[in-house]
Amino acid sequence: MNPARSAPRRARAAAGLLLFGGVAAGAGLDVPPAAAQESHLLVVVGLGGDQEHRDRFHGWAARLVDAAVGPLGLGPGNVHYLGERPDLDPERIDGRSTRDGVADRLGMIAGQSSSDAHVVLILIGHGSERDGDARINLPGPDLTPGELAEILEGLGSRPATVIQTTSASGGFIEALSKEGRVIMTATRSAREGNEPRFPEHLTAAFTDGGADTDKDGRVSMLEAFTYARLEVVRSHEQDGILLTEHALLDDNGDGVGSSAPPEDGEDGAVARRRFLSPGAGRPAVVADPELASLYARRDSLQAQVDGLRDQRGTMTTEEYENRLEALLVDLALLTREIRSREGGGE
């Protein structure tokens, strides 16, 4: 194993052990605090085909929406859910998931958001391949990669994350790939047509807390992808069946996804710094001054971690590992203090 790659893993493990032992370590880089980012979420659920799938798809979407307006701290006006049948849950579903509906809603988000707002699009449902072209099955005309790419152009320079969780979703990567855009797919090609388990575990990554591997109180897009991918592999192994889906992530604009970023390629740098929550896992408005101060300190520590990772190639493995370990321990301890202040205990 490459020692440089194993360093952050050992640092995270040490941070967890030191957290429960109550030991704090001090270290830092001269990096300014990270500013909270405006975030918008659009969940699109396509055709279910039967009641069992409609209920399953809606269950995942509802959990994502509830987490977004709850613990993740997005404003209700920044969370949108388009579904096959809006009457299924009128309180959550605010439009029909047609191709035009997706285009109109993304256009509305672009018109109401700042030029640097992070827009997250999560696609749930059935996918298929026809004449070599992947598609997600929607009410009315299906949505193809080329059509979605054209719709996304309406976001302008806004950073976007597209999470395509259907079968055949790997066929979307090449068309959607763009510098500054994070793309996740449940499969590695349009030919992987079995129903994927990826959306179930992707939903858990954002709602259950287990994906926060560095214990900083927030789940990055890279952490969410890695968690979901590994859980898919684990569940297939547990059931004793052949792995039929291979999730990919692309965030460097080259149109080629990585199965285990950043270990197996150049992807992962953008996804590591991109989050669904507008800040470091906190509400948009914080009334408690002491809690607001703790959040600001955590932002600063996270910025120091990001800055250190950027400087990784300029120092020895031992120096990098030691400094990262110290920062992650401080982050873990501060996160515990924040959760206690929030009333969630330690």
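Figures for the structure shown
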| item | result |
| --- | --- |
| HIS201 accessible area, assembled protein chains, probe 1.4 Å, Å² | 20 Å² |
| Cβ-based net charge around ASP306, under 9 Å, with every Lys or Arg adding one and every Asp or Glu removing one | +2 |
| Most fluctuating residue given options ARG272, ARG130, ARG56, as computed from a GNM of the chain linking Cα atoms under 10 Å | ARG130 |
| Carbon/sulfur fraction of accessible area - the chain, other protein chains in place, 1.4 Å, % | 49 percent |
| ASP89-THR316 FRET efficiency (beta carbon distance; Förster radius 51 Å; 0.05 resolution) | 0.40 |
| Semi-axes of the equivalent ellipsoid for the chain, Cα gyration tensor, largest first, Å | 33, 23, 19 |
| For the range 44-49, Karplus couplings with θ = phi - 60° (6.51, -1.76, 1.60), whole Hz, Gly/Pro x | 10, 10, x, 5, x, x |
| 1.4 Å probe accessible area per residue over the chain, in Å² | 43 Å² |
| Trypsin sites (Lys or Arg not before Pro) within the range 146-249: DSSP coil, no more than 14 neighbouring Cβ in 10 Å | ARG191 |
| Estimated FRET transfer efficiency (VAL69, ASP100; beta-carbon r; R0 35 Å; 0.05) | 0.85 |
| Long-range HN-HN contacts of SER258 with modeled amide H, under 5 Å | LEU249, ASP250 |
| DSSP bridge orientation in the chain - percent antiparallel, rounded to nearest 5 | 30 percent |
| Of the GluC sites (Glu not before Pro) in the range 170-219, those whose Cβ has at most 11 other Cβ within 10 Å and which sit in DSSP loop | GLU179 |
| Inter-site label distance for VAL233 and SER293 at 7 Å from Cα along Cβ, in nm | 4.4 nm |
| Principal-axis tilt of helix 198-207 within the chain, Cα atoms, nearest 10 degrees | 40 degrees |
| Between helix 317-342 and the chain: long-axis angle, C-alpha atoms, 0 to 90°, nearest 10 | 80 degrees |
| GNM flexibility winner over the chain from ASP251, ASP239, ASP299 (Cα, springs under 10 Å) | ASP239 |
| Beta bridges by DSSP in the range 109-268, antiparallel share as percent, to the nearest 5 | 45 percent |
| Label-to-label distance, nm, for residues given as GLU342 and SER114 (7 Å Cα→Cβ offset) | 2.2 nm |
| Degrees, to the nearest 10: 289-310 long Cα axis against longest axis of the chain | 90 degrees |
| The range 150-209 shape via C-alpha gyration tensor axes, a/c threshold 1.5 | oblate |
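The values are calculated or read from the model by the stated rules, or taken from the named source; none is laboratory data. None of the values given here were measured: they were computed from a predicted structure. Cβ: placed from backbone, ideal geometry, glycine included. Neighbour counts: every protein chain shown. Protein only, heavy atoms only, side chains kept; ligands, DNA and RNA dropped before computing areas. Shrake-Rupley method; radii C 1.70, N 1.55, O 1.52, S 1.80 Å.
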